[in-house]
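Here the structure comes first, spelled out in structure tokens, and everything after it is commentary.
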Amino acid sequence: MTTEETAKELRLSILGMRCAGCVNAIESALAAVEGVTSVSVNFADHTATINGEADPEALKQAAKEAGFDAAVMEGFEDPAEQEQQELQRYQTLMKKASVAGAFGAALMAAEHFSWLPEIGSTAGLWLWPEIAVLTLAILIYSGWHFYSGAIKSLRLRQANMDTLIALGTGSAWLYSCIVIDYADTLPALAKHAYFEAAVVILAFINLGSGLETLARGKTSSAIRQLIGLQPRTARVIRNAEEIDIAIEQVGLGDILRVRPGEKIAVDGILIEGHSTVNEAMLTGEAIPIEKIIGSQIVAGSINQTGSFLFKATRIGRDTALAQIVASVRLAQNSKPEIARLADKISSVFVPTVLVIAALTFLMWLSFGPEPSLGYAFVTSMTVLVIACPCALGLATPISVMVAVGRAAQSGILIRKGDALQTAGKLSCLILDKTGTVTEGKPIVSSIVALEDYSEEQVLQWAASLESGSEHPLAAAILSAAANKQLTLDKIYNFAAIPGFGVSATLNDQQILFGNKALMDTKGIQLTRYNNKFEKLSTLGQTPMLLAVNDKIVGIIAVSDPIKNDSALAVQRLKDLGLRIIMVTGDNQITAHAIAKQAGISEVRAQVLPQDKAVVVMELQQQGEIVAMVGDGINDAPALAQANVGMAIGTGTDVAIESADIVILQGSLLKIPEIISLSKATVINIKQNLAGAFFYNIISIPVAAGLLYPMFGILLNPMIAGAAMALSSVTVVTNANRLRWIRDITL
């Protein structure tokens, strides 16, 4: 999240969106509000994300004036409440569909079996007006949301799906009333009412919307599951008592108790106890993580066995869980490049359809067979009904929403829609070394005792010296000594020599511990040990020399081992045809040794952090589509420069500004998954767009009567309504297939 977004971001739940035209209308209305810097409307989950300093009430009023109701969404919405709202909407739409469908079916059956009197007959003079009134009541009950939306759009001089449906069904009812009133003056063939068509069209459209709501609700299941991980209460220790309080009341520095099986409420550091914690929903890693004193505790994870106390360090929107949810939402709201074509077409689609419908009416009225008015009316109404651009508006956002949620379940945060599209086109992958290919946690890999000294003695001396050091390698040596349960001696006159090592007095002996340069400055001879020193260096280890009273007594080598799955991940990436380059600030010998272990043949060593971006730029100039994979801190310039920036992090480090994608678990095996998911998503989007375009390109001419001169085929308006509804359901169903990909590594 950017500073601007975290400082002032507002989410609105938008009611009344039914097509891509609605998205444009809402974005325009909200963007015009004073203080708004950016607006992103998500048609898939009916929300708007607004950045800036705008007044929430002004935003709601702007949405209302545009014809939509809006409500501010604060904090984490209750997943159960969200599901209940979606269920209520689904049930309402199904009721409206059932009422309209039952009435329409009864009318069709009555007409088919000739149970109704002819229009214009004596019996018809009193029955058909009653049918007209009943039909109007059904239209108001089942379609008022369309008619009111069309009226509001007209006031704003806009046109959307509501416009098409209102014109189609409204004109059907109005035409039928005219037929009843002027039955004596119309030709016999024109005496046909379309009341059943109007209500059945609404039945099909409401049914399609209901099924779409049901299917669309599944697309955000990943976010709902993440939100559902946060408990509503937390147990804190205050005044020496354990009490349960609402999670909103937890403050920084509070001490919290977590019992076996409980969800962790906020982020913190374990201060007492021991346990294993399941972080699967946050990192995708199914194996529980052992937690000891000093371990990071992440909100949303689930305690397994022991009870422990931890101190709250991040609360509210600052927790890892909140940032993960924010990142997923950010990506789901973003529009990849492939969506822009659909947006451009959607913005002019409805006016174009209105023109086509008008031309269709005029053509049939002028050149059609008798009753030309009847044919003109039926064909133009069919064009209006079948052309609703719901499927076109859903094609891209629904696939992006599902894919981003699917990735989140696997511990991958896709923060930008463009990255989701570009990842499948990558040709070159740049890997940082430390923390990306390697563990990023140095360990003592070799101890060489010289003369008559033992390895334990050499390690004990080195650890005693390093107990006063803050150097990163000191922790590795102290950890090794602790594992061997060595007792450290007290040191005196400790001195850190930057770039060289350390010195101190221990048991009246002068001890030096550091690199070759340190020994050279002290005039200590190394010739006898050069071979052993160089051999350790070629293995990718960092050897350090220990001297007692100007005499070399041992060599301790520290290394940063490669991750267990790095070599396998590199091979899989090569199998996908990617060029793999490791870029690191480390020396040539160590860099090539690590690269060899990981199976990487192309290495650039001794590259400063700011120069990594230059390497990315050079590759891009060669025509490569480049992804940079790093830790997101010192690699930030390169991550920003790359076509796709991927940050390797843990569950507590997800808000990395420069990265397009964050891999929570830290495994390079997630990169082939990202590439495969990207390819699958782009294919899915193309399928949706192709289906939506093909549907409209084929259906509109057929609805206009193109096949009638040769084959005598006219499309029934009711069939048009069913086809329109089915197209949206098909798009949503196709997008949901991405949820069921069990192994997204192709």
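The values are calculated or read from the model by the stated rules, or taken from the named source; none is laboratory data. Given the structure is predicted, the values throughout are model-derived calculations rather than measurements. Counting neighbours? That spans all protein chains shown, and the Cβs are built from the backbone with ideal geometry, glycine included. These accessible areas exclude ligands, DNA and RNA; they are computed on the full protein's heavy atoms, side chains included. Shrake-Rupley method; radii C 1.70, N 1.55, O 1.52, S 1.80 Å.
For the reader, a short list of remarks on this structure follows.
- Conditions (1) touching a residue at least 12 places away in the same chain (Cβ under 8 Å); (2) open to solvent by less than 40 Å² (accessible area, probe 1.4 Å); number of the one not met by Ala474: (1)
- Residue that is farthest from Lys535 (Cα to Cα) [pool: residues in the stretch 595-613 that are assigned to a helix (DSSP H, G or I) and at pLDDT 90 or above]: Ala598
- Contact map, the stretch 84-96: first residue farther than 14 Å from Ile205 by Cβ, second residue of a type outside the set (Ser, Thr, Tyr), Cβ cut-off under 7 Å, separation 6 or more or different chains; pairs are Glu86/Gly217; Tyr90/Gly210; Tyr90/Leu214.
Quick grid of which residues meet (1) closer than 21 Å to Leu174 by Cβ; (2) out of contact with any helix residue (DSSP H, G or I) (no Cβ under 8 Å at 6 or more places or on another chain):
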| site | (1), (2) |
| --- | --- |
| Glu86 | no, no |
| Leu93 | no, no |
| Gly101 | no, no |
| Leu107 | yes, no |
| Ala110 | no, yes |
| Phe113 | no, yes |
| Trp126 | yes, yes |
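- If you go through the stretch 513-542 and keep only what is in contact with a Ser or Thr (Cβ under 8 Å, 6 or more places away or on another chain), open to solvent by 10 Å² or more (accessible area, probe 1.4 Å) and not in a helix (DSSP H, G or I), you end up with Leu539, Gln541, Thr542.
- A search for C-beta distances below 7 Å between a residue of the stretch 164-176 that is without any contact (Cβ under 8 Å) to a residue 60 or more places away in the chain and any residue that is not in a helix (DSSP H, G or I), counting only pairs 6+ apart in sequence or on different chains, returns Ser176/Ala193; Ser176/Tyr194.
- Among the residues making up the stretch 564-579, those that are outside any helix (DSSP H, G or I) and either closer than 17 Å to Gly424 by Cβ or over 27 Å from the mean Cα position of the chain (by Cα) (or both) are Asn564, Leu576, Gly577, Leu578, Arg579.
- Note on the stretch 244-268: among residues that are open to solvent by 60 Å² or more (accessible area, probe 1.4 Å) and not polar (S, T, N, Q), the one that is farthest from Gly316 (Cα to Cα) is Pro260.
- Any hit, the stretch 280-298, residues being surrounded by fewer than 16 Cβ atoms within 10 Å (Cβ to Cβ), at pLDDT 80 or above, outside any helix (DSSP H, G or I) and hydroxyl-bearing (Ser, Thr, Tyr): no
- Among the conditions (1) outside any helix (DSSP H, G or I); (2) modelled with pLDDT of 85 or more, the only one that Glu370 does not satisfy is (2).
- So Asn24, is it touching a Ser or Thr at 6+ places or on another chain (Cβ under 6 Å), closer than 28 Å to Gly143 by Cα and modelled with pLDDT under 85: yes
- Complete set of residues in the stretch 301-325 that are assigned to a helix (DSSP H, G or I) and farther than 15 Å from Gly411 by Cβ: Gly316, Arg317, Asp318, Ala322
- Top-ranked residue in the stretch 193-214 [being open to solvent by less than 10 Å² (accessible area, probe 1.4 Å) and among the polar types (S, T, N, Q); ranked as modelled with the highest pLDDT]: Asn206
- Only one of Thr487, Thr438 that is without any contact (Cβ under 8 Å) to a residue 40 or more places away in the chain and either buried (at least 16 other Cβ atoms within 10 Å of the Cβ) or on the phi < 0 side of the Ramachandran plot (or both): Thr487
- Those helices (runs of 4 or more DSSP H) of the stretch 637-746 in which at least 3 residues are of a type in the set (Lys, Arg) and modelled with pLDDT of 85 or more, considering only elements entirely within it, cover 670-704.
- Considering residues of the stretch 164-191 that are open to solvent by 10 Å² or more (accessible area, probe 1.4 Å) and of a type in the set (A, V, I, L, M) only, the residue modelled with the highest pLDDT: Ile180
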